[in-house]
1. Please specify each residue of the range 38-80 satisfying the condition of being modelled with pLDDT of 70 or more and not in a helix (DSSP H, G or I).
2. Considering only the range 1-37, how many residues are assigned to a helix (DSSP H, G or I) and not hydroxyl-bearing (Ser, Thr, Tyr)?
Amino acid sequence: MADWGTLSTEASNPASEELDTLATEEVVSLLLEEDGRGLEAAMRSRDGIAHAATWVAEALEAGGLRRRSAARQEANTRDS
């Protein structure tokens, strides 16, 4: 099981430390800025995300992730 406290996405964000003292417009602005940062990071990773999505779709079409993993291991064993 993942230790959520070690993930960078779960770390405190210094920009929002005083969130409860900000005006509503400032909170909305901060949230939109942070969402934008996430979208920028996702755009930089889009090729990897697309590759992973294709892999999962192919695995599901082949009967599931365990089946695909077993087939890949079998193929690797034969190739060795």
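The values are calculated or read from the model by the stated rules, or taken from the named source; none is laboratory data. All values reported here derive from a predicted model rather than from experimental measurement.
1. 45, 62, 63, 64
2. Step one: filter the range 1-37 for residues assigned to a helix (DSSP H, G or I), giving 4-6, 8-10, 14-16, 19-21, 24-37.
Applying the additional criterion that residues be not hydroxyl-bearing (Ser, Thr, Tyr) yields 4-5, 10, 14-15, 19-20, 25-28, 30-37.
Final tally of qualifying residues: 19.
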